[in-house]
Amino acid sequence: MELEPGDERILAGECGETRQKMLEILVALGKVFGAERLVPVKSVQVSGASYKTIGKYGLEWLEELDARAVVPAVLNPVGMPRGRWQEMGVDPAFAEKQNAVIAAYERLGIRLECTCTPYYLNSPGYKDHLAWSESSAVSYANSVIGARTNREGGPAALAAAIIGKTPCYGLHLSANRKPRMVIDVATGGGEVSIAHYGALGYYTGKIVGNRIPYFRGIRPDADRLKALGAAMAATGAVALYHVQGVTPEAKKVSADISGLETITIERGDIDRLFTEIPVDAVAIGCPHCSPEELKAVAKLLQAKKVKVPFYIFAARAVIDANRKTVESIERSGARVYADTCMVVSPVMERYKSIMVSSGKALAYIPDMCGATTRIGTLEECVAVATS
Ligand code: F3S
């Protein structure tokens, strides 16, 4: 792999042991995937932030490192809302460990914006190279924005933050961004909710696996694209998809769909995922809520009182910029938490059955929290939480 003189000096250990180790990670990764060079990245999003997922050994590894990020870098959600963890019922022993993880990342120069929606804070541009980790954020960056990132593991993303570069392979290259399968969606007309797009992603991800799908027959807005991509990345390994007439690269790759395997998904395939099992908690904001989603929840909760624990998750910056909306939601008894989510917080393990509005949460909660899971629209989630 071709390296610049500055990188050779880092590899020789002239810029500190941590920078040397980090570049070694990137070079090893590049060699495995046949990268010819490293490419500078505009931003990084680092996963491996919840103590629930990285545990004792992950924390020890982080505490040994000694360097600082050289490009803007944020964290994925952690296991608790900073400043409100007692209120959420987080065990103090867990909070102590989680705070140690947060402190370790802060010392490494990672901004404590703990979110899977970094694009609401500072959106990358078309064709920007990134090193993001969380699968729904990766999908959104590639598909909805047209930026370029592979799905980085936690250590590789941290290495990219400290070096400012990532190996140039996979989705960084135009040749690897072409569709591999066509999905025709027959919705049968009528409004298709965000939750239905999540369910479509849940269903489609299982079929497409790691291929890049090209959708026809749908006109999703940004929140619906977010839900679709997040779920496909959870039940499949989809890091990029195209939607005819909607996503930024769809036109460019439209000539590449001829001869590809094509399947049709009917509305009934999706509707079947909406069950009516009883639940003991409701959680929305997977991926973290957009300002529009927060406003929609606030409107639905107006003059209502929550009777079932109702959790809403969003990025701290989105919550801060929408204070009045959040206060109006919390007057109902629902709670809007930053920094964490229904999958990475250990608090959710106390529930036996959780209702969500997300295809990704539908896929992850059973294994990660040990609860049965039901998907419903935002309206249905509010109705269940308030009755
Ligand atoms: Fe985000 Fe947690 Fe869902 S990290 S995408 S809210 S599982």
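What base-10 log of the normalised intensity I(q)/I(0) is obtained for the chain from the Debye formula, alpha carbons as equal point scatterers, at q = 0.08, 0.09, 0.11 Å⁻¹?
The calculated log intensity ratios at q = 0.08, 0.09, 0.11 Å⁻¹ are -0.41, -0.52, -0.77.
How large is ³J(HN,Hα) for each residue in the stretch 108-119, as worked out from phi by the Karplus curve 6.51 cos²θ - 1.76 cosθ + 1.60 (θ = phi - 60°), to whole Hz, x for Gly and Pro?
Residue by residue, the stretch 108-119 yields 8, x, 8, 5, 7, 9, 9, 8, 8, 10, x, 5 Hz.
Amide H of E152 versus every other amide H placed in the peptide plane: which residues, excluding those fewer than 5 positions away on the same chain, fall under 5 Å?
Those qualifying (amide H under 5 Å, at least 5 residues apart or on another chain) are W132, S133.
Please give every one of the lysines within straight-line cross-link reach of K206, meaning a C-alpha to C-alpha distance under 24 Å, and leave out same-chain neighbours fewer than 8 residues apart.
The qualifying lysines are K178, K226, K360.
How many Å³ per residue does the convex hull of the Cα positions in the stretch 87-135 occupy?
In the stretch 87-135, the Cα hull volume divided by residue count equals 119 Å³.
Return the Cα extents of the stretch 265-387 along principal axes one, two and three, sorted largest first, each rounded to a whole Å.
38, 29, 29
Return the percentage of antiparallel bridges among DSSP beta bridges fully within the chain, rounded to the nearest 5 %.
10
Stokes-Einstein D for the stretch 57-177 at 20 °C, 1.002 mPa s, Kirkwood Rh over Cα pairs, in µm²/s?
D, rounded to a whole number, is 140 µm²/s.
List the residues whose amide H sits under 5 Å from the amide H of I110, counting only those 5 or more places along or on another chain, with H placed 1.01 Å from N in the peptide plane.
A69
Taking Cα centroids, how far is the stretch 205-224 from the stretch 288-336 in Å?
First find each Cα centre; the distance between them is then 28 Å.
For the stretch 361-383 and the stretch 96-126, what is the separation of their C-alpha centers, rounded to whole Å?
Their Cα centres are 26 Å away from one another.
If each residue's Cβ is checked for other Cβ atoms within 10 Å, how do D7, D128 rank with the fewest at the top?
The fewest-first ordering by Cβ neighbours comes to D128, D7.
Step by step: find N for the stretch 126-272, compute 2.2 N^0.38 Å, then divide the Cα radius of gyration by it. What's the final number?
1.02
Among P366, G13, I218, whose Cα sits farthest toward the positive end of the charge dipole of the chain (+1 at Cβ of Lys/Arg, -1 at Cβ of Asp/Glu, about the Cα centre)?
Result: I218, furthest along the dipole toward the positive end.
Grab the stretch 1-160 and count how many Lys pairs have their alpha-carbon atoms under 20 Å apart, sequence gap of 8 or more, or different chains.
Qualifying lysine pairs in the stretch 1-160: 4.
We did not get these values from a lab; they are worked out from the coordinates using the rules stated. These numbers come from a predicted model, not from an experiment. Because the Cβ atoms are built from the backbone with ideal geometry, glycine has one as well, and the counts that use them run over all protein chains shown.
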